[in-house]
Each structure stands twice: as C-alpha cells, then as structure tokens.
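Undergrad: For reference, the structure I am asking about is given below.
The values are calculated or read from the model by the stated rules, or taken from the named source; none is laboratory data. Computed from a prediction, not measured in an experiment: that's the story for all the values here. Counting neighbours? That spans all protein chains shown, and the Cβs are built from the backbone with ideal geometry, glycine included. Areas reflect the complete protein model, heavy atoms only, side chains present, ligands, DNA and RNA absent. Shrake-Rupley method; radii C 1.70, N 1.55, O 1.52, S 1.80 Å.
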Amino acid sequence: YAPDGKLFDHRGTFGYSDGISSHRTEPFLDQIELRVTDGSIKQPLRVWFSGPTGEPRAIAISRQELNLPNPITVAEFQQNLQAKYGPPTGETPGSALYWEESGKPSCIRESWGIAIREFGKFPLGQVNVSQAMAGLARDQPRSSVLPADLETCGTFVFVTISMDPVRAFSAGLYDVGAMAATFNARNAWVEGLTAEATRKRQGQSQAPRL
C-alpha cells in the first residue's frame, strides 16, 4: 500500500484528582496512523482502539486520499464500491455514500436526514473517540431518533467524494456501539481511580493537633 510509509502510535491519558492533588493515568494506545511523505506529510490511514480496560480492539478506521493518479469518474468509483460492499444504505447530496449495519439502531440518522456529526472529522485527525462520543451523548436528549443506549448503535461506513473525476476521497468505518462502550468504560475507569485516590488520601490524613 505504502512501502515508504511509517506507523506512529498516539497514546491517550486522563487527568483526575484526589480532591487536593492532581494525577494522570498511565498512557494507553489510543490511535495508530500511517504517515507517508510525498512532497508533504500525509496521514492516509488511521485506526482507533478501545481500552485501556478490557481487550483492546479496533473500533474506528479512516482513510483519506489526496491527489490520486489516474483518477476515475465518480460513477466508476461508486460502481467499484458497490461491487465490493454491496448496495449502499443511501446517498447524500454531493455523492457521499453510506452503509449501515442491519438489525441495529442507526446513530447517524435524524428526522431531517443523515447527521454525520463529529465522525466526519476522523479522517482529518481533528477528533478522537472520547470527543466524538461526548458530542453524540450531548445530542441524545434532543434527538427523537438516537437510541436510549448508545452502546446498541450499529456500525456504519461513510465515503465522501470531493470531485469528478475522483482525485480525492475520505472514508471511515465506525463501530459506534463499541465507541460508546469505550467512552463509558473510560469514564468509569477514571471515576474509579478518582474514588480510590480520594480514599487513599483521606486514609493518610491526620487530625490537626490542638
């Protein structure tokens, strides 16, 4: 794919407090990206992971290609996608195709249409799992479509084509239910560390001498 590319990992960490002192969690693997230098540094492939609690696994993958050589038409590009992945669930204005997992609630639909929200920022590296899911959780009370439990959300694929012929495109596969579970597990992990640190600090406290 990119023999000259190099893989870089991004480590995540969270801050918490015992009520007096600040602490940080041990770093954990949050993302791996492929960097390719071709006149400029590009990041055509990114993968995000669950964890640090439980067995880490890939929960989101993004692709972004720029300045493709020998570009094909949008119609040919879409035909190739459908030949590989089957008919899309739908298409948005601007030649964007999306596929949704059947049998599970959609978390990109609203009463007025498709809402990609923060997921569209993943190919650009402008958002991480915690930020995207925090935004989705904020939208949940105002939505008439989002499920009560975001961990039940299905996986979706979204492909955006920017021009015809196709010289650039971005794509992503997002296991939204697993991303929600990761977001909730990380919050619970930090809350547990906060409670533990607070108990430890209180246990070491001494009453003032009078």
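Undergrad: So is Val159 within 21 Å of Ala96 (Cβ to Cβ) and in a loop (DSSP other than H, G, I, E, B) or not?
TA: It is false that Val159 is within 21 Å of Ala96 (Cβ to Cβ) and in a loop (DSSP other than H, G, I, E, B).
Undergrad: Residue pairs, Cβ under 8 Å, 6 or more apart or interchain, first in region 62-78 and at positive phi and in contact (Cβ under 8 Å) with a residue 24 or more places away in the chain, second open to solvent by less than 60 Å² (accessible area, probe 1.4 Å) and part of a loop (DSSP other than H, G, I, E, B). List them.
TA: Taking only residues 6 or more apart or on different chains, the pairs are Asn67/Ala168.
Undergrad: Somewhere in region 21-29, is a residue assigned to a loop (DSSP other than H, G, I, E, B) and among the hydroxyl-bearing types (Ser, Thr, Tyr)?
TA: Yes, there is a match, as at least one residue in region 21-29 is assigned to a loop (DSSP other than H, G, I, E, B) and among the hydroxyl-bearing types (Ser, Thr, Tyr).
Undergrad: Any idea which residue in region 121-154 is most open to solvent (accessible area, probe 1.4 Å), counting only those that are within 20 Å of Gly15 (Cβ to Cβ) and not in a helix (DSSP H, G or I)?
TA: Asn128
Undergrad: OK, next. Scanning region 64-99 for residues that are open to solvent by 50 Å² or more (accessible area, probe 1.4 Å) and charged (D, E, K, R), which turns out nearest to the chain's Cα centre (by Cα)?
TA: Among residues in region 64-99 that are open to solvent by 50 Å² or more (accessible area, probe 1.4 Å) and charged (D, E, K, R), the one nearest to the chain's Cα centre (by Cα) is Glu91.
Undergrad: Output the residues belonging to region 2-12 that are in a strand (DSSP E or B) and open to solvent by 90 Å² or more (accessible area, probe 1.4 Å).
TA: Lys6, Leu7, Arg11
Undergrad: How about region 47-58: which of its residues are surrounded by 16 or more Cβ atoms within 10 Å (Cβ to Cβ) and in a strand (DSSP E or B)?
TA: The answer is Val47, Trp48, Phe49.
So that you can scan it fast, the table gives a plain yes or no per residue for (1) under 25 Å from Arg24 (Cβ atoms); (2) at pLDDT 95 or above; (3) not hydroxyl-bearing (Ser, Thr, Tyr):
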residue: Arg109; (1), (2), (3): no, no, yes
residue: Trp112; (1), (2), (3): no, no, yes
residue: Arg117; (1), (2), (3): no, no, yes
residue: Val127; (1), (2), (3): yes, no, yes
residue: Ser130; (1), (2), (3): yes, no, no
residue: Pro141; (1), (2), (3): no, no, yes
residue: Val157; (1), (2), (3): no, yes, yes
residue: Ala181; (1), (2), (3): yes, yes, yes
residue: Asn184; (1), (2), (3): yes, yes, yes
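Undergrad: Further question: Given (1) open to solvent by 40 Å² or more (accessible area, probe 1.4 Å); (2) over 19 Å from Ala178 (Cβ atoms), identify the lone condition not met by Ser102.
TA: Condition (2) is where Ser102 drops out.
Undergrad: Quick one: in region 13-46, which of the residues that are surrounded by 15 or more Cβ atoms within 10 Å (Cβ to Cβ) and touching a Ser or Thr at 6+ places or on another chain (Cβ under 8 Å) is nearest to Phe169 (Cα to Cα)?
TA: Leu45
Undergrad: Taking Ile61 as the residue in question, decide whether it is open to solvent by 50 Å² or more (accessible area, probe 1.4 Å) and either within 30 Å of Glu196 (Cβ to Cβ) or not in a loop (DSSP other than H, G, I, E, B) (or both).
TA: yes
Undergrad: For region 105-116, what are the residues that are in a loop (DSSP other than H, G, I, E, B) and open to solvent by 20 Å² or more (accessible area, probe 1.4 Å)?
TA: Selection gives Pro105, Ser106, Ser111, Trp112, Ile116.
Undergrad: Could I ask something else about it? Based on this model, can you work out whether Ser102 counts as of a type in the set (Ser, Thr, Tyr) and in a helix (DSSP H, G or I)?
TA: no
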